[in-house]
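Quick one: this structure, given as structure tokens, is what I'll be asking you about.
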Amino acid sequence: MESNMVAALKNSVQNHFSSVQSSNGSNQAQVNKVPFVIGVAGGTASGKTTVCTMIIQQLHDQRVVLIHQDSFYHPLTDEQLQKVNDFNFDHPDAFNTECLLSCMEKLKQGQAVSIPNYDSRSHRGIDPPIVVNPTDVIILEGILILHDSRVRDLMNMKIFVDSDSDVRLARRVKRDTKDWGRNIEYVLDQYSKFVKPSFEEFVLPSKKYADIIIPRGSDNDVAIDLIVQHIHTKLGQHDLCKIYPNVFVIHSTFQIRGMHTLVRDTRTTKHDFVFYADRLIRLVVEHGLGHLPFTEKQVITPTGSVYTGVVFCKRLCGVSVIRSGESMENALRACCKGIKIGKILIHRDGKDGRQLIYEKLPSDIASRHVLLLDPVLASGNSAAKAISILLSKGVPESNIIFLNLIAAPEGIHVISRRHPRLKIVTSEIDLYLNKKLQVIPGMGEFGDRYFGTMM
């Protein structure tokens with residue numbers, strides 16, 4: 001169970017970024033934190049609210065707000081109130097989804113919103129509305145919160161709380177009779193007439209959209225701990241990793257930060273630049289190889305014991321974008337003995353265009369996983385051209401891993417939007433591109449500094 005949960009967590013998605021805008025004629029990084037949105041669905045009385053509360057308690061160092069789908073019920077008209085026992089509150093049409101979407105859009109833009117204050121006794125909104133301020137994490141909770149694709153698209157993580165139907169019915173009876181003063185005959189009548197059929201028609205099918213399914217609800221401490229751990233990891237990532245799940249930045253340490261300081265320093269000698277650039281490149285290559293598919297394998301150790309490990313895909317090759325990409329070839333060869341490496345030479349054609357000058361690729365490249373090598377991702381135009389060449393050779397987009405030392409947000413946007421199944425692995429994401437299409441703060445002309453051709 002736990003292994004499936006971890007796999008699901010790794011695949012969760014997520015939906016963020018700080019946009020880079022033009023200000024006073026120059027590009028500057030305007031960082032607008034976009035909240036991490038979690039959707040929690042499940043049947044009536046499945047323990048959704050309890051799960052949300054447990055998550056919030058463990059996220060005590062983050063600003064978190066819980067928004068209930070029940071707040072967005074359509075108020076009943078006088079005519080509907082006269083026949084309230086015949087109204088299905090578990091049907092998608094009972095909710096004002098447009099209002100929910102509008103509120104979420106404003107919150108994502110950093111604006112405070114007023115959420116309807118729905119009274120479940122009168123079945124109408126009451127004053128004052130609930131004011132929700134911009135926050136780090138938003139949890140959307142409700143039986144049908146995963147039903148509408150537009151709402152699902154807002155979410156970075158989708159959770160379904162899966163509890164036994166008999167347990168849910170017992171909880172609902174206890175809640176409705178004790179908290180809301182309803183008699184048991186009414187509760188059972190509503191359950192058989194509306195709640196159970198709507199669960200089977202609308203709620204249960206939405207389970208397939210969940211990234212994580214929590215059996216036993218709030219009793220599953222292991223699942224909730226894994227969820228919180230994953231949220232902490234995502235909140236600590238660069239914002240671009242949140243909007244694009246195919247972007248990976250290697251974990252920064254003081255060692256890595258120190259090496260970046262040296263390779264970015266204009267006073268660093270060629271010898272030191274090459275030495276520390278090679279170290280960083282090796283780390284990026286190692287991290288990139290970790291994204292290759294693998295199979296489990298057992299081996300016998302010299303002590304006669306069994307060790308269960310993994311074997312990575314062996315059908316791979318490197319492709320370097322000449323000439324800066326050639327600086328990454330030695331690290332790749334050191335990690336993958338005898339690996340084939342192809343070459344692509346691209347020339348700038350006009351302001352944004354790129355022209356292929358030369359390519360030499362393995363004849364069977366379509367059947368291989370490809371590590372595309374280019375130390376600096378700037379505008380993304382050259383990378384996009386190189387990727388299009390690989391695709392034209394029959395390489396599946398999901399088989400390409402693009403490795404670089406630094407990347408500009410503009411380049412990540414270009415590549416990730418065009419090729420969402422390709423993986424980008426980098427060691428740092430810089431601030432922006434200037435008018436000369438230089439990465440800022442950057443490290444200058446990488447190829448000239450690495451190969452000693454500075455004028």
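Rounded, prolate or oblate for the chain? Axes are the square roots of the Cα gyration tensor eigenvalues, ordered a ≥ b ≥ c, and the cut-off for rounded is a/c under 1.5. Working shown, then result.
Numbers: a/c = 2.62, a/b = 1.93, b/c = 1.36.
Prolate, because a/c is 1.5 or more and a/b exceeds b/c.
Another one. Output the direction-averaged projected area (hull surface divided by four) of the convex hull of the alpha-carbon atoms of region 246-451, in nm². Don't skip to the end; give the middle numbers.
Working: hull surface 51.6 nm².
Across all orientations, region 246-451 yields a mean hull projection of 12.9 nm².
How large is the helix-only mean residue ellipticity at 222 nm for the chain, computed as the sum of -39500 (n - 2.57) over DSSP H runs with n ≥ 4, divided by its residue count, in deg cm²/dmol to the nearest 500? Present the calculation step by step, with values, prior to reporting the outcome.
Values: 15 runs with 149 residues, N = 455.
Computed mean residue ellipticity for the chain: -9500 deg cm²/dmol.
On a 0 to 90 degree scale, rounded to 10, what angle separates helix 221-235 from the longest Cα axis of the chain?
It is inclined by approximately 50 degrees.
Now, a different point. Name the shape class, rounded, prolate or oblate, that the alpha-carbon gyration tensor gives for region 285-332, where a ≥ b ≥ c are the square roots of its eigenvalues, rounded holds for a/c under 1.5, and otherwise prolate holds if a/b is larger than b/c and oblate otherwise. Mind dumping the intermediate values first?
On the way: a/c = 4.17, a/b = 2.76, b/c = 1.51.
The shape class here is prolate.
Can I ask one more? Where nothing but the Cβ of Lys and Arg (+1) and of Asp and Glu (-1) is charged, how large is the charge dipole of the chain around its Cα centre, in debye to the nearest 20? Walk me through the numbers before you get to the answer.
Details: 54 positive and 48 negative charges, 363 e Å.
With Lys and Arg at +1 and Asp and Glu at -1, about 1740 debye.
Rounded to the nearest 0.05, what FRET efficiency is calculated for Asp70 and Thr308 with R0 set to 35 Å and r the Cβ-Cβ distance?
On the way: r = 47 Å, r/R0 = 1.35.
It comes out at approximately 0.15.
Hey, what did region 246-451 get for relative contact order, percent, Cα under 8 Å, at least 6 apart? Let's see the in-between values first.
Values: 379 pairs, mean separation 47.3, N = 206.
Once normalised by length, the contact order is 23 percent.
From the C-alpha coordinates alone, can you work out the Kirkwood hydrodynamic radius of region 2-240, in Å? Don't skip to the answer; put the middle values down first.
Numbers: mean 1/r = 0.0525 Å⁻¹.
About 19.0 Å, per the Kirkwood formula over Cα pairs.
Using 7 Å Cα-to-Cβ label points, what is the Leu391/Lys207 separation (nm, one decimal)?
My value for the distance between the label points is 3.7 nm.
Find the percent of Cα-Cα distances in region 131-250 that exceed 24 Å, and round it to a whole number. Could you put the intermediate results ahead of the total?
Details: 3053 of 7140 pairs.
Percent of Cα pairs beyond 24 Å in region 131-250: 43.
Give the residue list of trypsin sites (Lys or Arg not before Pro) in region 323-420 that are DSSP loop and have at most 14 other beta-carbon atoms within 10 angstrom.
Values: sites: Arg323, Arg333, Lys337, Lys340, Lys343, Arg348, Lys351, Arg354, Lys360, Arg368, Lys385, Lys393, Arg417, Arg418; in loops: Arg323, Lys337, Lys351, Arg368, Lys393.
Answer by residue number: Lys337, Lys351.
Going down the list Lys385/Lys436; Lys83/Lys106; Lys83/Lys208; Lys337/Lys436; Lys106/Lys193, which pairs span over 31 Å between their C-alpha atoms?
Values: Lys385/Lys436 20 Å; Lys83/Lys106 35 Å; Lys83/Lys208 34 Å; Lys337/Lys436 39 Å; Lys106/Lys193 37 Å.
The pairs that break the limit, which is 31 Å between Cα atoms, are Lys83/Lys106; Lys83/Lys208; Lys337/Lys436; Lys106/Lys193.
Does anyone have the angle between helix 97-108 and the longest principal axis of the chain? Alpha-carbon axes, 0 to 90°, nearest 10?
The two axes meet at around 40 degrees.
Still on this structure, I have one more. What is the calculated FRET efficiency for Tyr186 to Met454, with r their C-beta to C-beta distance and R₀ = 60 Å, to the nearest 0.05? Before the final figure, lay out each step's value.
Numbers: r = 83 Å, r/R0 = 1.38.
Efficiency, from the Cβ-Cβ distance: 0.15.
From Cα pairs below 8 angstrom and at least 6 apart in sequence, can you work out the relative contact order of the chain, rounded to a whole percent? Let's see the in-between values first.
Details: 806 pairs, mean separation 72.0, N = 455.
Relative contact order comes out at 16 percent.
When you count, for each residue, the other Cβ atoms within 10 Å and take the mean per peptide, how do 401-414, 426-439 rank with the highest first? Can you show the working numbers first?
Values: 401-414: 24.4, 426-439: 17.9.
The most tightly packed comes first, giving 401-414, 426-439.
Which residues among region 63-81 fall inside the zone where the amide N is under 19 Å from a point 7 Å beyond the Cα of His91, along Cα→Cβ?
Inside the label zone: 70-81.
Can you give me the Rg/Rh ratio for region 305-387, using Cα atoms for both radii and the Kirkwood formula for Rh? Could you put the intermediate results ahead of the total?
Details: Rg = 15.4 Å, Rh = 14.1 Å.
With Rg and the Kirkwood Rh in hand, the quotient comes to 1.09.
Can you tell me the length gained on complete extension of the stretch Ile56 to Thr266, counting 0.36 nm per residue apart and subtracting the Cα distance? Provide the component values of the computation, followed by the final result.
Numbers: separation 210, 0.36 × 210 = 75.60 nm, distance 4.62 nm.
Stretched fully, the Ile56-Thr266 segment lengthens by 71.0 nm.
How about region 153-242: which chymotrypsin sites (Phe, Trp or Tyr not before Pro) there lie in a loop by DSSP and see at most 16 other Cβ atoms within 10 Å?
On the way: sites: Phe160, Trp180, Tyr186, Tyr191, Phe194, Phe199, Phe202, Tyr209; in loops: Trp180.
Here the sparse-neighbourhood loop sites are Trp180.
Is the shape of region 234-299 best called rounded, prolate or oblate, per the rule: a/c under 1.5 gives rounded, else a/b larger than b/c gives prolate, else oblate, with a ≥ b ≥ c the square roots of the Cα gyration tensor eigenvalues?
On the way: a/c = 2.92, a/b = 1.47, b/c = 1.98.
Taking the square roots of the gyration eigenvalues as a ≥ b ≥ c, region 234-299 is oblate.
Values quoted throughout were computed directly from the atomic coordinates according to the rules given, and no laboratory measurement underlies them. Computed from a predicted structure; not experimentally measured. Positions of Cβ are backbone-derived with ideal geometry, glycine not excepted, and every protein chain shown enters the neighbour counts.
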